[in-house]
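Below is one structure; the comments refer to it alone.
The values are calculated or read from the model by the stated rules, or taken from the named source; none is laboratory data. Please read all numbers here as calculations on a predicted model, not as lab measurements. Glycine gets a Cβ as well: all are built from the backbone with ideal geometry, and neighbour counts include every protein chain shown.
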Amino acid sequence: MKKVLLLSVSFFIMSNTFAQQKIEKHYFDQFGDKTDSVNAVTCSHYIFSDTITGAGELKKFDKSGKLIIESYYSNLNIKNSSIDRWTRHGTSKIYNPSGYLQIIENYNDDKLDGELLTYYKDKTLKRNDIFKNNTFVEGHCFDEKGNEIKHFDYFIQPEYEGGVDAIYSHIRKQIRYPEVLQQQGISDKVYVQFTISKEGVLRNIRVNKSKSDLFKKEAIRVVSLVKNWIPGSRDGEKIDVKYTLPISFKVY
C-alpha cells in the first residue's frame, strides 16, 4: 500500500512540472512589433521552462529559417519595451548570417559574467575574455592564424560628438512644443526608439506611446535632425545598435 502511495505522489509531482513547460511562436517586423508570418522578418520561439517565473530560452530565426540567436532569460513573460526589458540569465549564442556560431556570451542577471568567446568562420578562436558583474577582467584576442594580437574592446557604443549633453542641447534648440497642447497645459514624456546603423545613419525612428500624435510627430522630427553618429561595433565589426532616447514636454 505504501509503494502505491509513493508512486502516486511521484507521478503528481512530475505531471505538475511538465505542466509548467510551454512553447510559443511569434513573428516580428523590422521594428520589432508582432506581425503575421507573411510580413515578418524574424520568427522567435519562446521555450518556457517555467511559465510562472517566465524563465526560458529564446530562439530567433531569420526569414529564411536560419538560426540567429539562442539565449536564456529569467523573465520572457513580460512585455519587452523601452522601460521593462527581458533579463538575460545564462548562455547566449549568436550566429553569423552565413550560419556559423560566432559568439558565446554568459550572463548573470543581465550582466556579462564569465567567459566570452568569439570565432572566425573556420571556427578558429578570435577572442577569449573574462567578465565579472559586467566588468572586463582579462582577455586575449587572436588573428585568423591563431596568433595572439593586441586586445581590443568587445563592444563599443555608438557615439555622437559631444555625447548625450550635445544631443539634448541640439534637441532643445530645435524642438517646437505643439501649440495646441501647450495652450491646454498638456505635458508628456515620450521614449523615442531608433536604430543607429553600421553606417552611422538613424533608421526606424518611432515613439510607441504618447498622450498625443502631435508629441509623437515632433519627437520623431527633432530626433531625425540629430545626425553624424559614429556607429557602434562588436568584436571589431560595425553593427546596427538600437537606442532609446527619452524626451520630455513640460508646460511651466
Tell me yes or no: at least one residue of segment 5-22 is modelled with pLDDT of 90 or more and out of contact with any Asp or Glu (no Cβ under 9 Å at 6 or more places or on another chain). no
Of the candidates Asn75, Asn80, the one satisfying the condition of being modelled with pLDDT under 90, buried (at least 17 other Cβ atoms within 10 Å of the Cβ) and not assigned by TED's automatic domain parsing to the domain that holds Phe194 is Asn75
Flag if Asn39 is surrounded by 15 or more Cβ atoms within 10 Å (Cβ to Cβ) and not in a strand (DSSP E or B): no
Checking Glu159, Glu148 in turn, the sole residue that is loosely packed, with under 13 Cβ neighbours inside 10 Å and either under 26 Å from the mean Cα position of the chain (by Cα) or at pLDDT 95 or above (or both) turns out to be Glu148
What residue, among those in segment 108-129 that are farther than 18 Å from Leu67 by Cα and in contact (Cβ under 8 Å) with a residue 24 or more places away in the chain, is nearest to the chain's Cα centre (by Cα)? Asp110
Within segment 185-204, can you find the residues that are surrounded by 18 or more Cβ atoms within 10 Å (Cβ to Cβ) and either part of a helix (DSSP H, G or I) or among the β-branched types (Val, Ile, Thr) (or both)? Val190, Val192, Thr195, Ile196
Only one of Leu112, Leu125 is surrounded by 12 or more Cβ atoms within 10 Å (Cβ to Cβ) and in contact with an Asp or Glu (Cβ under 8 Å, 6 or more places away or on another chain). Can you tell me which? Leu112
Residue check, Gly65 more than 23 Å from Thr244 (Cα to Cα), over 13 Å from the mean Cα position of the chain (by Cα) and surrounded by 13 or more Cβ atoms within 10 Å (Cβ to Cβ): no
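Results for (1) hydroxyl-bearing (Ser, Thr, Tyr); (2) assigned by TED's automatic domain parsing to the domain that holds Asn134; (3) modelled with pLDDT of 95 or more, shown as yes or no for each residue.
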| residue | (1), (2), (3) |
| --- | --- |
| Ile167 | no, no, no |
| Gly185 | no, no, no |
| Val201 | no, no, no |
| Leu214 | no, no, yes |
| Lys217 | no, no, yes |
| Arg221 | no, no, yes |
| Val226 | no, no, no |
| Ser233 | yes, no, yes |
| Lys242 | no, no, no |
Which fully enclosed strands (runs of 3 or more DSSP E) of segment 45-137 have 2 or more residues being of a type in the set (S, T, N, Q)? 88-95, 101-108
Restricting segment 205-252 to residues that are among the hydrophobic types (A, V, I, L, M, F, W, C) and part of a helix (DSSP H, G or I), the residue that is farthest from the chain's Cα centre (by Cα): Leu214
Please specify each residue of segment 116-143 satisfying the condition of being of a type in the set (Lys, Arg) and within 21 Å of Thr87 (Cβ to Cβ). Lys132
